[in-house]
Every structure is written in structure tokens, then in C-alpha cells.
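Beneath this line is the structure, given in C-alpha cells, with notes to follow.
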There are 2 protein chains.
Amino acid sequence: MDERRTDDRTDGDAEAAAVSRFVERFAAQLVQAGMTRMPARVFAALLSSEQGALTSAELSGQLKVSPAAVSGAVRYLAQVNLVSREREPGSRRERYRVQGDQWYNALLERDAFLRNWQTTMREGVEQFGLDTPQGRRINETLEFFLFLEKELGSLMQRWAAHRAEHLGS
Amino acid sequence: MDERRTDDRTDGDAEAAAVSRFVERFAAQLVQAGMTRMPARVFAALLSSEQGALTSAELSGQLKVSPAAVSGAVRYLAQVNLVSREREPGSRRERYRVQGDQWYNALLERDAFLRNWQTTMREGVEQFGLDTPQGRRINETLEFFLFLEKELGSLMQRWAAHRAEHLGS
DNA sequence: CTTTAACTTCACACATTTCTGAAAGAAGCG
DNA sequence: CGCTTCTTTCAGAAATGTGTGAAGTTAAAG
């Protein structure tokens with residue numbers, strides 16, 4: 001173990017820089033996977049925060065972006081259930097928190113995608129008919145999506161079990 | 001069954017329009033899932049083609065885009081193993097073909113993603129340490145990715161079995 | 001070895017996306 | 001009930017991405 005966290009707060013700046021490196025690197029990978037930049041950065045920052053929650057001002061400062069940008073990013077993240085909003089009682093400050101079951105939800109959200117794709121494929125099969133090569137090819141894709149939907153359900157159940165066994169929370 | 005394929009080639013235009021609708025719709029969904037537009041359109045067109053393969057000129061004409069655009073799209077698709085290039089012997093024409101195991105490969109390609117993410121998460125865990133909430137949170141994410149990698153492997157095996165059983169090819 | 005057909009590369013124009021600053025909108029506090 | 005503080009909305013500037021046309025490259029055919 002090298003220079004990680006020089007005991008609590010001996011050097012806040014270096015610590016902050018290290019956090020920033022991790023945040024930006026993770027965010028970049030999320031972007032690569034299709035997420036837009038600002039939501040990715042906000043999500044990474046929240047995941048790296050001690051409490052798993054930060055205020056708008058904290059995010060704005062840490063990521064060096066305007067409050068408006070944070071607002072937009074949070075709106076998106078809340079919509080896809082990766083982040084929840086908390087009103088701190090007795091203040092107009094709002095805290096944004098990463099969901100404990102973040103990726104779980106993110107994957108489940110893929111189900112909606114799969115449904116849409118299945119619909120499209122079904123229409124394709126109808127249009128071309130199973131007596132054409134195209135029709136059969138598209139039908140196989142449809143079968144794959146159906147298979148995937150079924151499998152992802154049980155996969156997430158196994159994850160929930162695995163998680164409960166290995167980790168307290 | 002309504003107006004699908006009025007027996008072979010009675011009305012090529014209407015048929016072409018119907019194909020185009022399917023292609024564009026499917027492409028739009030691929031775009032929504034993160035693929036760039038032109039590769040998505042090319043892939044959808046190939047999937048809907050009778051032979052599962054088209055020449056550059058055919059794609060260019062059908063999608064109403066320049067050869068340059070097709071070239072770029074195909075380069076990408078070949079890179080991610082969704083399409084293979086075939087040289088028609090005795091002609092400078094090239095045919096692009098959808099892989100039979102398209103989605104299979106697309107998913108396997110995700111493995112590379114997972115590895116990268118795992119690396120980043122491991123660094124995060126090291127940086128924060130398991131004695132911090134952040135560290136534990138990031139560690140759980142790492143565990144999830146490890147779990148996912150393992151599960152996806154067996155999932156694809158099951159698909160291969162399922163496919164072999166239900167379909168001839 | 002030249003011609004010609006097909007594909008590719010590259011610079012640029014157009015379109016889209018993304019973030020900011022300013023103004024308006026909520027919500028506690030005096 | 002108005003003041004203050006935080007958040008959101010919106011128009012526009014800046015950055016980014018995407019497809020085209022023209023020139024360049026490769027390879028078959030004469």
C-alpha cells in the first residue's frame with residue numbers, strides 16, 4: 001500500500017486529485033458504454049463519495065461545472081433510477097444519492113429495450129414470412145432476445161443471492 | 001397476413017418501401033442502444049437482405065447514402081465482428097455479410113468492456129481501501145462485474161445449445 | 001502497361017449535442 | 001409577506017459528430 005489516504009485528512013488536495021482521477025477514468029468508461037458525459041461524471045463522483053451522496057453545490061464544485069449542468073445530469077440519472085433525490089429537511093439543499101442496487105436496476109431497465117426489439121423483430125418476421133431466408137434470420141434474432149429476457153431475470157436473482165451471501169448490506 | 005410480399009416480385013416498389021420501414025425502425029433502436037447511425041442502418045439492411053449479404057453499391061443505393069458513408073460503416077462493423085467482408089472472385093466488387101452468430105459475438109465483445117471496468121474498480125478499491133464506505137461500495141461493483149463475466153459465459157453456452165436444438169443451421 | 005471499376009481516405013460543411021450564463025421559479029426563514 | 005438561498009429552465013455559444021464530394025489507391029481486364 002502506497003500513498004492512499006495519508007490518514008484521514010493530512011493532505012486534502014492530493015486526496016482530492018486522486019479521487020478526481022478515479023472519477024474521470026470511470027466516467028470515461030461509462031461514456032464509452034453509451035452514457036452521456038455529464039451523467040457519467042456525476043454518477044462516478046457519487047459512487048466515490050464517502051456517504052454515497054452529495055449536494056448539487058458539492059458536485060458543481062468538485063466537477064468544475066455549472067449548477068445547470070448538474071441539474072440536467074441528475075434529472076437523467078433519476079429518470080433511469082441510478083440516483084435518488086433527497087430533500088434535506090430544513091434547507092433548500094438537495095442531496096443526490098446512488099442507489100444501493102444501481103447496476104441491478106440498470107440491467108433491469110434493459111428489459112424495456114428488449115421488449116421494443118422483440119416487437120420490431122416480430123414485425124419483421126411477419127413482413128418477410130418464415131419461408132424466406134430473411135424471415136428465418138430475423139426470427140432467430142427474435143428467439144435470442146426472448147432467450148435473453150428469460151435468462152437475465154434468473155441471472156439477477158442469482159446475483160441478489162450471491163450478494164446477500166457475501167456481503168452484509 | 002396482409003400485404004406482405006405479393007408473390008415474389010409483383011410490386012417491387014411497395015416491397016422495397018416495406019423493407020425500408022423495417023430497416024429504419026430497427027436501425028433507430030440500435031442507435032438508441034448506443035450504436036452510431038450509419039453502422040446501424042447498414043447492419044439492419046444486411047439482416048433484412050435475402051442472402052444476408054449485399055455489395056457496397058447495393059447498400060449505397062438502398063440506404064441513399066454515399067459510398068464513403070458505407071465504407072466507414074462497414075469498417076466499424078467489421079471491427080466489432082458483426083459483418084465479414086467477402087471478395088467476389090473475378091470482380092472488384094466486395095460483399096458484406098452478417099455473421100450468423102452476430103449477437104453472440106456482440107455479447108462476447110462486451111467481455112472486453114467488463115475487463116476494463118474491473119481494472120478501474122480494482123484501482124478504486126485500492127485507492128480508497130476496504131475500510132472506507134466508498135471502498136466497500138466500489139468493491140461491490142467489482143464483484144458484480146466479476147459475477148457478470150462468469151454468468152455471461154455460461155449464458156452464451158446455453159444459447160448455443162438452445163439454438164442448435166430449435167434450429168437447424 | 002494502360003484503362004477502368006470499385007472501394008477508401010481526407011478535408012470540409014452541416015447538423016446535433018452539450019454546457020454555460022442569465023433569468024425565473026420554489027422553499028425555508030425572519 | 002418579502003428576503004434569501006438553492007435549483008431549474010431556456011436561449012445561445014462552443015464543441016463534437018456525421019455524411020459528402022473529390023482525390024487517391026488497389027486490382028481486374030483489355
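Structure notes:
- The sole residue among A:R87, A:R137, A:R93, A:R41 that is away from DNA strand D (no atom under 16 Å from the Cβ) and basic (K, R) is A:R137.
- Filtering the range A:61-86 to residues that are under 27 Å from A:L108 (Cβ atoms), in contact (Cβ under 8 Å) with a residue 24 or more places away in the chain and part of a helix (DSSP H, G or I) leaves A:V70, A:G72, A:A73, A:V74, A:Y76, A:L77.
- Among the residues listed as A:P89, A:P133, the single one being open to solvent by 40 Å² or more (accessible area, probe 1.4 Å), of a type outside the set (G, A, S) and within 16 Å of DNA strand C (Cβ to nearest atom): A:P89
- Of all the residues in the range B:87-101, those that are in contact (Cβ under 8 Å) with a residue 40 or more places away in the chain and not basic (K, R) number 3.
- Within the range A:138-153, the residues that satisfy the criterion of being aromatic (F, W, Y) and facing chain B (nearest Cβ under 7 Å) are A:F144, A:F147.
- In the range B:92-103, residue farthest from A:A161 (Cα to Cα) [restricted to those that are facing another protein chain (nearest Cβ under 8 Å) and touching a helix residue (DSSP H, G or I) at 6+ places or on another chain (Cβ under 6 Å)]: B:V98
- Among the residues of the range B:154-169, the one identified as surrounded by 11 or more Cβ atoms within 10 Å (Cβ to Cβ), more than 8 Å from chain A (Cβ to nearest Cβ) and free of Cβ contacts under 8 Å to residues at least 40 places away in the same chain is B:S154.
- Hits in the range B:109-121 - residues which are more than 7 Å from chain A (Cβ to nearest Cβ) and open to solvent by 70 Å² or more (accessible area, probe 1.4 Å): B:E109, B:R110, B:R115
- Any hit, the range A:40-60, residues being assigned to a helix (DSSP H, G or I), within 12 Å of DNA strand C (Cβ to nearest atom) and within 11 Å of another protein chain (Cβ to nearest Cβ): no
- When the residues of the range B:44-80 are filtered to those that are of a type in the set (S, T, N, Q) and within 10 Å of DNA strand D (Cβ to nearest atom), the one that is nearest to B:E24 (Cα to Cα) is B:S60.
- The set of residues in the range A:54-85 that are buried (at least 16 other Cβ atoms within 10 Å of the Cβ) and in contact with a Lys or Arg (Cβ under 6 Å, 6 or more places away or on another chain) comprises A:T55, A:L63.
- Residue in the range B:15-38 that is more than 12 Å from DNA strand C (Cβ to nearest atom), surrounded by 14 or more Cβ atoms within 10 Å (Cβ to Cβ) and β-branched (V, I, T) present: yes
- Residues in the range A:122-136 that are touching a Phe, Trp or Tyr at 6+ places or on another chain (Cβ under 9 Å) and either more than 8 Å from chain B (Cβ to nearest Cβ) or closer than 15 Å to B:G100 by Cα (or both): A:Q134, A:G135, A:R136.
- Test result for B:S84, among the small types (G, A, S), away from DNA strand C (no atom under 14 Å from the Cβ) and under 28 Å from A:L146 (Cα atoms): no
- Some residue of the range A:101-117 being touching a Lys or Arg at 6+ places or on another chain (Cβ under 7 Å) and within 15 Å of A:F43 (Cα to Cα): no
The values are calculated or read from the model by the stated rules, or taken from the named source; none is laboratory data. Quick caveat, the model's predicted, so the values are computed rather than measured. Don't worry about glycine lacking a Cβ; one is built from the backbone with ideal geometry, like all the others, and counts go over all protein chains shown. SASA here: full protein model, heavy atoms, side chains in, ligands and nucleic acids out. Shrake-Rupley method; radii C 1.70, N 1.55, O 1.52, S 1.80 Å.
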